[in-house]
Amino acid sequence: MTFTKKRKQRMSILIAVMVIMGLLAGCGGGGGSSAQKADGTDDKSQKVQLQFYMLGDAPKDMPAIEAEINKLAEKDLNATVKFNYTTWTDWDQKYKLLLSSGQPIDLIFTADWTQYQAYAKKGAFLPLDDLLPKAAPALQKFVPQSMWDSVKIGGKIYTVPSTFKEYVTDGFVWREDLREKYNLPKPTDIKSYEAYMEGIRQHEPNMKPISLNSDIKGNLHDRYSELVTKSVGALPYGIGIKYEKPTEVYKYWGSDEQKEELNTYKRWADKGFIPKNVLNVKDTLQDQVTSGKAASIFGDNPNRFNDMVIKIKSAHPDWKLDYYPFPLTTGYATPVHPIHNGFAIPKSSPNPARALAFYEKLVTDKRYNLLTQYGIEGKNYEVKDGYYQMVGTSSTNGFPREGMNGWAWRNPEYMLFDSSFDRVKQIFADLDKIQKPDLFTGFAEDYTTYQAEKAALEQVEKQYLYPLQAGLIDNVDQGLQTFLQKANQAGLEKIQTEYTKQWETYVKEKGIK
Amino acid sequence: MAIKEDVYTRIFQILSYAIIIIASIACLLPFLLIISASLTSNESIIRDGYHFIPQEFSLEGYRTVFTFPEEVLRAYGVTIFTTVVGTTLGLFLMTMAGYVLARKDFKYRNAFSFYIYFTTLFGGGLVPWYIMLTKYLGLLDTYTVLIFPGLMTPFLIILMKNFIRSSMPEELFESAKIDGAGDFKIYYRIVLPLSTPGIATVGLFLALAYWNDWFSSSLFINDPHKYQLQYYLYNVINSMQFIAQMGAGTGVSLSNDMPTESTKMAMAIVVTGPILLLYPFIQRYFVKGLTIGAVKG
């Protein structure tokens, strides 16, 4: 285990170095044929094949869809498209290789979680500012100017953002049937949630009151900081920034706030909500609820709550799930940042103009959009009363809804939803009333100066902080002291100073107050 | 009458039997657990954990695997094809290389040996290798890329060379030459038949490397139809993990039905099963090849 981990680590450092070197070298033009004229305009009389790169796995009916799309694209743009998929296996490594090897790639998926900001900063993508009005004027108009502005890195646009507005904010998920049966309070904050869990503990001793697994930080801390400390985002390195005061950076680790948080977990552990072996549990949070092992999730997003509802509806029709979004308690909801789903044109693209024109079709042309989002009508899906309906079941259907993972080119005007999605739409509508912009995602951290300290700190966190967050340490204050001491030895000070400096520059640049 | 065994021998025997029994149980139990889990319903695995006897018997895992049996079978086909072709071709190339390097009258053999040896010390690294294969050789998404990089393994070439040099005296080649044999004839009439133990060893290493290879698929194959078996399996399990970990933070909702615990186990059985059944029949060759290789290689 440790051997492979070490090797992976070494490999990723090696790759990182290579990526930087590759980018510095400019990675030259690819081997693909280029239809670009000397003056930069696109010569449409020349037929080209575009290379399209997506994350994840291709759906089974991909070849059929590709053929259909190519029929359209050949007529409209004199181009064909090859859809390539990375799979989810080591996708981040493959993503790096694709962008650093100078392969002819015309379109590639980008998101905050695929390091869009970092790649854009290093010059992996082509700036689209001049290309957009020439190659895709309709697309430029379709995406609101505010979105174009917020995806800018260093003053340039490198990605086409998705215009579908969604919330991945968290909320309590609980078994409503059990709550009604034992007359427990509805979870809306930590206090009522604790009371709910206590009731479950008392009446259903074989059930876990809360669904947890080994990712303690993600299960507990990240949700806590969204609900209670109202953090601007999932901040690393014990940095604290409140949403209301984005310019003020403070030290969260060691603060009274954190002590209170850790004491909460300690209390939960003492009451038996957090199992002793929690750091070894590998089951997903959702599976534990849908199988009836656990009675609640501390926080999950509306989409995944909906998935759970559908799953339970077929297997256990007598169960009921309910949801309470954190934003209703905190008072503000942040829709996903435009960076969250997008498409960029890598520097190595031989045909950037045609690629952008094709992408415009994908987003704005209904035929392209429906084909790539839902498959072939009649074969893969049907529209009933305005709702999306899958033909067959997900194991027999070769192209389930959004089977191409095409989250980036969703077009709200053409989108079809399953009838169960009404609930999510309702939640979204509630959140719309209290929406505020996401201040955190536009920030691009550059950790090259403290890479070693960062790695050391991660180890310290794993060893000393996670057990605290799982409520496994008897003396919280003492445990926290030990952790802070070790963290300081790992170079916490340097990381925090550097991070704060970067954050302050970002806040100033974007005019956030 | 048999000689009475002395007490220490007895104790030794009891001890060694006990150790071997414990060791084999330790090997068998996890496998039994996988079989049992593959026959348990997924919900029961999550609720009650793994048991040696299924708490809730269900064939749902296997049903899911065989909904699209052609995918598993195709991955099998790719792996078998690359293993057979890669091993045959690789053996041919490496015995040739070994033979040439073993001949003392080959003027540049030291230079060539060093060149080959050098690559074991200093590699180009992942990115240059990737760029070489995709950009300059254009092997992305081909079967060739699954076979080609493994054909000439420096370590195995050196092993082959040493084997030929130590088991065949230089005089043998000379006398063959006097009898009128050309270099190529010496190779296939004398060297090849005499080096079967070496070929068995090298062939075994090669075949195992091809059979277990998933990395090439992972890097160079975009077309799901060309996945090797190991990668196919790895990918299915990995997708599951990805969705569990990443999905929460990103809000990515994946509509594809994800394999459940029992499906993963069923897939493990389907993928390893045939090789397990095959193993007892070819095991004796494995043992033979390895021991000969160990002594002389």
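The values are calculated or read from the model by the stated rules, or taken from the named source; none is laboratory data. In this text, all values refer to a predicted model and were calculated from it rather than measured experimentally. Reconstructed Cβ throughout: ideal geometry from the backbone, glycine too, with neighbour counts over all protein chains shown. The accessibility values were calculated without ligands, DNA or RNA, using every heavy atom of the protein model including side chains. Shrake-Rupley method; radii C 1.70, N 1.55, O 1.52, S 1.80 Å.
Scanning segment B:61-71 for residues that are out of contact with any helix residue (DSSP H, G or I) (no Cβ under 6 Å at 6 or more places or on another chain) and either within 20 Å of B:E261 (Cβ to Cβ) or charged (D, E, K, R) (or both) yields a count of 6. With respect to A:L139, is the statement that it is under 18 Å from A:S349 (Cα atoms), modelled with pLDDT of 90 or more and either of a type in the set (A, V, I, L, M) or more than 23 Å from the chain's Cα centre (by Cα) (or both) true? It is false that A:L139 is under 18 Å from A:S349 (Cα atoms), modelled with pLDDT of 90 or more and either of a type in the set (A, V, I, L, M) or more than 23 Å from the chain's Cα centre (by Cα) (or both).
Just checking, how many residues over segment A:179-192 are part of a helix (DSSP H, G or I) and buried (at least 20 other Cβ atoms within 10 Å of the Cβ)? So the count comes out to 1.
Out of A:L356, A:L370, one residue alone is open to solvent by less than 10 Å² (accessible area, probe 1.4 Å), among the aliphatic types (A, V, I, L, M) and under 25 Å from the mean Cα position of the chain (by Cα). It is A:L356.
Among the residues that make up segment A:330-341, is at least one of them aromatic (F, W, Y) and surrounded by fewer than 22 Cβ atoms within 10 Å (Cβ to Cβ)?
Yes, because at least one residue in segment A:330-341 is aromatic (F, W, Y) and surrounded by fewer than 22 Cβ atoms within 10 Å (Cβ to Cβ).
If we keep just the residues of segment A:83-106 that are of a type in the set (D, E) and either free of Cβ contacts under 8 Å to residues at least 60 places away in the same chain or at the interface with chain B (Cβ under 9 Å from one of its Cβ atoms) (or both), which is least open to solvent (accessible area, probe 1.4 Å)? The selected residue is A:D90. Annotation: of all residues in segment B:45-71 being more than 19 Å from B:I237 (Cα to Cα) and surrounded by 17 or more Cβ atoms within 10 Å (Cβ to Cβ), the one that is nearest to the other protein chains (Cβ to nearest Cβ) is B:R47. A search for C-beta distances below 6 Å between a residue of segment A:302-330 that is farther than 30 Å from A:G233 by Cβ and any residue that is surrounded by fewer than 18 Cβ atoms within 10 Å (Cβ to Cβ), counting only pairs 6+ apart in sequence or on different chains, returns A:I312/A:W319; A:W319/A:D177; A:K320/A:E176; A:K320/A:D177.
Selection within segment A:193-213: residues that are buried (at least 16 other Cβ atoms within 10 Å of the Cβ) and polar (S, T, N, Q). The member of this set that is farthest from the other protein chains (Cβ to nearest Cβ) is A:S211. Take B:S36 and decide whether it is under 31 Å from the mean Cα position of the chain (by Cα) and of a type in the set (G, A, S). When the stated conditions are applied, B:S36 passes them. A count restricted to segment A:435-465 and to residues that are open to solvent by less than 50 Å² (accessible area, probe 1.4 Å), farther than 22 Å from A:K122 by Cβ and not acidic (D, E) stands at 5. The single condition among (1) open to solvent by 30 Å² or more (accessible area, probe 1.4 Å); (2) touching a residue at least 24 places away in the same chain (Cβ under 8 Å); (3) within 12 Å of chain B (Cβ to nearest Cβ); (4) not aromatic (F, W, Y) that A:V249 does not meet is (3). Among helices (runs of 4 or more DSSP H) entirely within segment B:165-244, having at least 2 residues that are under 24 Å from B:T83 (Cα atoms) and among the polar types (S, T, N, Q) singles out B:196-212, B:215-220. Within segment A:258-268, can one find any residue that is open to solvent by less than 10 Å² (accessible area, probe 1.4 Å), at the interface with chain B (Cβ under 10 Å from one of its Cβ atoms), within 30 Å of A:K510 (Cβ to Cβ) and in a helix (DSSP H, G or I)? Checked segment A:258-268: no residue is open to solvent by less than 10 Å² (accessible area, probe 1.4 Å), at the interface with chain B (Cβ under 10 Å from one of its Cβ atoms), within 30 Å of A:K510 (Cβ to Cβ) and in a helix (DSSP H, G or I).
Can you name every residue in segment A:422-434 that is open to solvent by 80 Å² or more (accessible area, probe 1.4 Å) and under 9 Å from A:A333 (Cα atoms)? Residue satisfying the conditions is A:K433 alone. Which of the residues belonging to segment A:269-309 are acidic (D, E) and out of contact with any strand residue (DSSP E or B) (no Cβ under 7 Å at 6 or more places or on another chain)? A:D270, A:D283, A:D287, A:D307, listed by residue number.
Within segment B:83-134, the residues that satisfy the criterion of being within 14 Å of another protein chain (Cβ to nearest Cβ) and either surrounded by 13 or more Cβ atoms within 10 Å (Cβ to Cβ) or acidic (D, E) (or both) are B:G125, B:L126, B:V127, B:P128, B:W129, B:Y130, B:I131, B:M132, B:L133, B:T134.
Scanning segment A:303-315 for residues that are out of contact with any Ser or Thr (no Cβ under 8 Å at 6 or more places or on another chain) and open to solvent by less than 70 Å² (accessible area, probe 1.4 Å) returns a single hit, A:F305. In segment A:196-222, the residues that are more than 18 Å from A:G171 (Cβ to Cβ) form Cβ pairs under 8 Å with partners that are of a type in the set (V, I, T) and part of a helix (DSSP H, G or I), at six or more places apart or across chains, as follows: A:M207/A:I200; A:N213/A:V278; A:S214/A:V278; A:I216/A:V278.
Conditions (1) touching a Ser or Thr at 6+ places or on another chain (Cβ under 8 Å); (2) closer than 14 Å to B:I269 by Cβ, marked per residue:
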| site | (1), (2) |
| --- | --- |
| B:A37 | yes, yes |
| B:S41 | yes, no |
| B:D48 | no, no |
| B:H51 | yes, no |
| B:L59 | no, yes |
| B:E70 | no, no |
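Are any of the residues in segment B:239-248 buried (at least 19 other Cβ atoms within 10 Å of the Cβ), at pLDDT below 70 and out of contact with any Gly (no Cβ under 9 Å at 6 or more places or on another chain)? Yes, that holds for at least one residue. Here A:T284, A:T330 are screened, and the one residue that is under 20 Å from the mean Cα position of the chain (by Cα), farther than 30 Å from A:L128 by Cα, modelled with pLDDT under 90 and of a type in the set (V, I, T) is A:T284.
Filtered by the rule that a residue be facing chain B (nearest Cβ under 8 Å) and open to solvent by less than 10 Å² (accessible area, probe 1.4 Å), segment A:107-133 gives a lone residue, A:A111. Of everything listed in (1) open to solvent by less than 80 Å² (accessible area, probe 1.4 Å); (2) farther than 26 Å from B:F122 by Cβ, the single unmet condition for B:E171 is (1).
For segment A:280-290, the criterion of being hydroxyl-bearing (S, T, Y) and crowded, with 18+ Cβ neighbours inside 10 Å is satisfied by at least one residue.
Residue check: is A:L468 in contact with a Leu (Cβ under 6 Å, 6 or more places away or on another chain) and crowded, with 18+ Cβ neighbours inside 10 Å? Taking the combined requirement at face value, the residue satisfies it.
When residues in segment A:473-490 are screened for being surrounded by fewer than 18 Cβ atoms within 10 Å (Cβ to Cβ) and under 31 Å from the mean Cα position of the chain (by Cα), 1 of them pass.
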